[in-house]
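One structure below.
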Amino acid sequence: MEPRRPSQPHLPPPSLWPIGFAVGVAILLLGLVVGWGIVLLGALLAVAFGFLWVRDLASDEDAVPPTRRYELDPLGAGAAPAVGARGEAALPPMDDEEIETYPRSVFLELSTLGLGALIGGLITAPVLGFAVLPAFIDQEEDAVDLGPLDNFPEGQWRIATFMENPAEGEVTRRTAYVRYNGDLKGVPSFTVISNHCAHLGCPVQPGGPITEEQKKEVKTEGAPVTLIPTQPAAFSCPCHGGAYDTEGNRTSGPPVRALDRYEFSIRGGNLWLGTSYSVSEVDGTGKDATITKYQRMYPGEHVDGIEQVLYPLPAPQ
Amino acid sequence: MAQQRPPSLVRQIINYPLDWLEERSGLVGAVRYFLFRKVPRDTNWSHTLGSATLTAFLIQAITGAILAMYYKPETRTAYESIERITNDVTLGWLVRGMHKWGASVFIILMFLHMGRVFLFGAYKYPRELNWVIGVLLLVLGLFEGLTGYLLPYDETGYWATVVAININGTAPFLGPFLVNLLYGSADFGTDTLARFYSLHMLLAPGAIFALIGLHLYLVIRLGVTSPPWSPEAAGNERYEPEPPSRDGRDGRRAGLLRPGARRAAR
């Protein structure tokens, strides 16, 4: 029996360690913005104070719930069986609790639970699949026709808005900045930059005059495409101030990589856009540019540097 | 001594259906128990914040159900139907205004209620679980705010949603999958609005209702906390501990006992 103790509030003694721990975490978060050295410092502080805090808690007797001390059988069921006095076989005492039985009630209980779980699972699995899987299956982008090549004079930018899926309507309207770079080894070269900011996906705007009066509607097989001439000196995002040069390289602000680009092809004298892909950086300009390509990632996800280990699996597309 | 008069006719008319219900369900007693339970002597106005939050949520549920009668969750019609609710439907501007501004009231009240619980130490033993449930309710409430913001389908709502989903996408490892799950596809598409609508008016409110039920159950079971300055100690047990049983089940009702009291009882 434990000694009787007066009733007292269940409170761990006051401790300053959690404050140190919180400061460490705060420094760590600050370091994510400032630099890796600060992150290391914050992590060290947090680990050190966290350790002290846990040690403090573990050594506090009151914080640990008391273990059960009483026994079911005061005579001790676990004690050695009494040996018979007059040559009887030394049988262990027959204790009800020690006989392993498997009564009908337990069987019925388990089979009811099991059948219920089976039925529930059979119903839940397809419903869950219906709710989750369609978002991941068959997600590749359709090719889009942007119209005849002569709508794209050499060295000039066009703001091209098109519908990725005309059947679904306006909600699939996308915008790309398209520039014809002249021919490269006899094949027309285009720069096709997506307007999705590489920070969080807001629409980047061309930094320069937009000649709305020369807007052109081009009839294609799909929905009509509009082309508006512009002379950007750069691209910038209205949401959080991300800025890019005309090749889509990040020049300032929060974006983690360059602007995404579209694959393109020439079919029957028309410019066709294929799937989009992510870019870490572009060296050079126009048709001489060297593009470091990656599979399409969502905005804000790193494709290079040490942070890329955080995004090892792109969602299936 | 005056002779006992039979109850008046009005009283009989009121009591008869209540007695009928009580005899068959016990519900009248349950409601009486809920409404007339004992609370600490020095509760104050800040203790009404929880009820105020509940009221704000119920207003959101009712006005939301009415709005759903006129709202068309499809990208071609959503904005038009909101315009119609605001400008054409009789008193539509009022119901939509209540839902829109009530959303902020609900969020603010949740935080005030949480602050009261924190400052009064009402999250401490044995009420930790109720704090956890409250935090889940807070997250679900904020999720309601996020999903509801898209539904008018205006520029603000559209781009705020794009940014919010892409913020989710930057979560390590599972971020990209979260994006597909929220959009319903690889990019903002026709399913996105319907998906947000379903989450906003069916799944999240259902979960909130269920958790509010648990939250209230625990409030009733554990009682209201006194303010920290109260002479009545916070968390005093409300009934005598049971004598220790020999079958090892004396922890069963430990929810209302502090460890010290449990030890003393043994």
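Below is a table of values for the structure above.
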| read-out | value |
| --- | --- |
| Count of region A:143-165 residues which are within 33 Å of the chain's Cα centre (by Cα), part of a loop (DSSP other than H, G, I, E, B) and away from chain B (no Cβ under 12 Å) | 1 |
| Residue check, A:Lys293 more than 19 Å from A:Gly201 (Cα to Cα), away from every other protein chain (no Cβ under 14 Å) and either of a type in the set (Lys, Arg) or outside any strand (DSSP E or B) (or both) | no |
| One residue from B:Val89, B:Val39, B:Val117 being farther than 28 Å from B:Leu214 by Cβ and in contact (Cβ under 8 Å) with a residue 12 or more places away in the chain | B:Val89 |
| Out of A:Thr191, A:Thr211, A:Thr220, sole residue that is loosely packed, with under 13 Cβ neighbours inside 10 Å, of a type in the set (Ser, Thr, Tyr) and away from chain B (no Cβ under 14 Å) | A:Thr211 |
| Helices (runs of 4 or more DSSP H) fully within region B:1-109 counting 2 or more residues that are within 24 Å of B:Leu150 (Cβ to Cβ) and more than 23 Å from the chain's Cα centre (by Cα) | B:78-87 |
| All positions within region A:124-149 that are of a type in the set (Asp, Glu) and modelled with pLDDT of 90 or more | A:Asp145 |
| Residue in region A:213-221 that is in contact (Cβ under 8 Å) with a residue 40 or more places away in the chain, under 31 Å from the mean Cα position of the chain (by Cα) and within 19 Å of A:Arg267 (Cα to Cα) present | no |
| Residues of region A:232-250 classified as out of contact with any Leu (no Cβ under 9 Å at 6 or more places or on another chain), among the hydrophobic types (A, V, I, L, M, F, W, C) and more than 15 Å from A:Gly208 (Cα to Cα), total | 0 |
| Any hit, region A:125-136, residues being under 22 Å from A:Pro203 (Cβ atoms) and not in a helix (DSSP H, G or I) | no |
| Top-ranked residue of region B:150-168 - restricted to ones that are aliphatic (A, V, I, L, M) and more than 10 Å from every other protein chain (Cβ to nearest Cβ), ranked as surrounded by the most Cβ atoms within 10 Å (Cβ to Cβ) | B:Leu150 |
| Residues being among the β-branched types (Val, Ile, Thr) and assigned to a strand (DSSP E or B) - total across region A:226-260 | 4 |
| Matching entry among A:Ser252, A:Ser278, A:Ser265 (being of a type in the set (Ser, Thr, Tyr), within 12 Å of chain B (Cβ to nearest Cβ) and either under 25 Å from the mean Cα position of the chain (by Cα) or closer than 15 Å to A:Ser189 by Cβ (or both)) | A:Ser278 |
| Unmet requirement for B:Glu232, which otherwise passes all of (1) more than 23 Å from B:Ser81 (Cβ to Cβ); (2) modelled with pLDDT of 90 or more | (2) |
| Boolean, B:Tyr183 is buried (at least 20 other Cβ atoms within 10 Å of the Cβ), at pLDDT 95 or above and over 30 Å from B:Ser46 (Cα atoms) | no |
| Residue match in region A:288-295 (condition: more than 24 Å from A:Ala143 (Cα to Cα) and more than 22 Å from the chain's Cα centre (by Cα)) | yes |
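Conditions (1) at pLDDT 90 or above; (2) in contact with a helix residue (DSSP H, G or I) (Cβ under 7 Å, 6 or more places away or on another chain); (3) under 18 Å from A:Met163 (Cα atoms), marked per residue:
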residue: A:Gly207; (1), (2), (3): yes, no, no
residue: A:Ile210; (1), (2), (3): yes, no, no
residue: A:Lys216; (1), (2), (3): yes, yes, yes
residue: A:Glu221; (1), (2), (3): no, no, yes
residue: A:Thr230; (1), (2), (3): yes, no, no
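The values are calculated or read from the model by the stated rules, or taken from the named source; none is laboratory data. All of these numbers come straight from a predicted model, not from anything done at the bench. Note: ideal-geometry Cβ built from the backbone for every residue, glycine included; neighbour counts use all protein chains shown.
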